[in-house]
Amino acid sequence: MSGVYISLFCSEYVLKMGTKMYRLLQNLCPQSKKRRDPEESRSLLPKGVVQRNTKYGQESDNFQYFTHNGAEADDSPISVTPKDWPPPFLHHPDPLVPYIKYLMFFFNSIFFTLGFGLLCIGFWGLAYKQSLISEKIGNLGTDPMLIFVLVGLVVCVLALSGCLGFIRENICLLRLFFAGISTLLVAQCVFALVVLCFQEQIQDSVKRTMMVAMSRYQDDSDLKFILDEIQLGMECCGVQSYQDWSINLYFNCSSPGVNSCGVPYSCCMDPLQNGTVPNSQCGFGALGMSEAMASTFIYLGGCIPQIVMWINRRIWDIAAGYFLVMAIELVCIVCAQRVMREIKVVKSLY
């Protein structure tokens, strides 16, 4: 019996010593656990979010919680059901989202600068010409500076919403950017269909607009500059012919001024004196001459036929530029949609 007691005592002593040695080895060689650096957390993952460290499809009331940076959180008995899975750390982020964010921020900042420049030019022109006073407010619709203001305002709003929306991951601003670009894309498609279906009506509208601009040629410096550039570039005079300038009170033959029966210098074949200074007298008396005599020093054809010919010659270049703009807008829409989808997925998971 003494031998049995001695063997039991030795076995218990060996078991205790083995347990102590095992615990000592555990303390000396702890299991390595990779912890994420707090600086390496993604920007789309909100800070302080708790991830659940359990196996898929199991329910347990005793498990550990870890924050997004790997730190252990307080244990709490929370009931977990299979509908809570897959856990957040199984979500694979879109690898292109960071590149999209900074690329779109860069391009939108450029467009915001250009739009702000157009807006400043438009307001400066309106203030310089005093177009907003009560006496001239009726002609504001034909003022070219108004186009600068409207275009600059639209570009600034869309570009600013894109800059802040992408860099700050603000879904409201991204929705505004997405809606604005989509509206522009639809408007361009509608405009193209209208141009193709109502070419004659558009030509008549352009004719009436040019006639109004010609009647205000001496009163608005911007309209004067635009008409002169069109006539010099297209080598034309008037809308349909040089006789259209009789609608202007200063060039009409019944006018008592020095410009009576004349046309602007931009109608002349040689509009520059000595090749440097515009010769404002080169078109004097052209409306009172015969076509054969007037054709020796001014252009007789109108600008509308010349513009139509120019468009027909460059129709493919115009179409290429049109589709290029549409492609850029489609890229912006896709990028905004991709970033918004990633934000929604992260918010739903965390």
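Peptide packing: for 110-122, 255-267, 285-297, the average count of neighbouring Cβ atoms within 10 Å per residue gives the ranking 255-267, 110-122, 285-297, highest mean first. Put simply, the range 132-291 fits an ellipsoid with semi-axes of 42, 18, 16 Å; these come from the alpha carbon gyration tensor as the roots of five times its eigenvalues, largest first.
Within the range 203-273, all pairs of alpha-carbon atoms sorted by distance into 10 Å bins from zero give the percentages 21, 57, 21, 1. Computed over the range 184-260, relative contact order equals 21 percent, with contacts defined as Cα pairs under 8 Å that lie 6+ residues apart.
Counting other C-beta atoms within 10 Å, and keeping those with at most 15, which DSSP coil trypsin sites (Lys or Arg not before Pro) do you find in the range 293-350? Show your work: numbers first, answer last.
On the way: sites: Arg313, Arg314, Arg338, Arg341, Lys344, Lys347; in loops: Arg314.
Qualifying residues, ordered by number: Arg314.
Between Trp310 and Leu196, what is 0.36 nm times their sequence separation minus the Cα-Cα distance? Round to one decimal in nm. Walk me through the intermediate numbers first.
Working: separation 114, 0.36 × 114 = 41.04 nm, distance 1.64 nm.
That works out to 39.4 nm of additional length.
A Förster radius of 30 Å combined with the Cβ-Cβ distance from Ser255 to Phe123 puts the calculated FRET efficiency at roughly 0.30. Structural descriptor for the range 221-291: relative contact order 26 percent, calculated from alpha carbon pairs under 8 angstrom and at least 6 residues apart.
What's the ranking of 152-164, 222-234 by average number of surrounding C-beta atoms within 10 Å, highest first?
On the way: 152-164: 19.9, 222-234: 17.1.
For the peptides 152-164, 222-234, the packing ranking is 152-164, 222-234.
Between Cys189 and Phe225, residue separation times 0.36 nm minus the direct Cα-Cα distance comes to 9.9 nm. If you take the alpha carbon atoms of the range 197-348 and fit the smallest convex hull around them, that volume is 185 Å³ per residue. Between Phe116 and Gln218, the FRET efficiency from the beta-carbon distance, with R0 = 41 Å, is close to 0.80.
Placing a pseudo-label 7 Å from each Cα along the Cα-to-Cβ vector at Met326 and Ser182 gives an inter-label distance of 1.8 nm. The relative contact order of the range 247-350 comes to 16 percent, based on Cα pairs under 8 Å that sit 6 or more residues apart.
The range 234-270 and the range 297-350 have Cα centres separated by 37 Å.
Please give, to one decimal in nm, the separation of the simple spin-label points placed at Thr276 and Ile343, each 7 Å out from Cα toward the Cβ. Here the modelled spin labels are 5.9 nm apart.
Throughout, read-outs are computed from the coordinates displayed, never taken from laboratory work. These numbers were taken from a predicted model, which means no experiment stands behind them. Cβ sites come from the backbone with ideal geometry, for glycine too, and all protein chains shown count toward neighbours.
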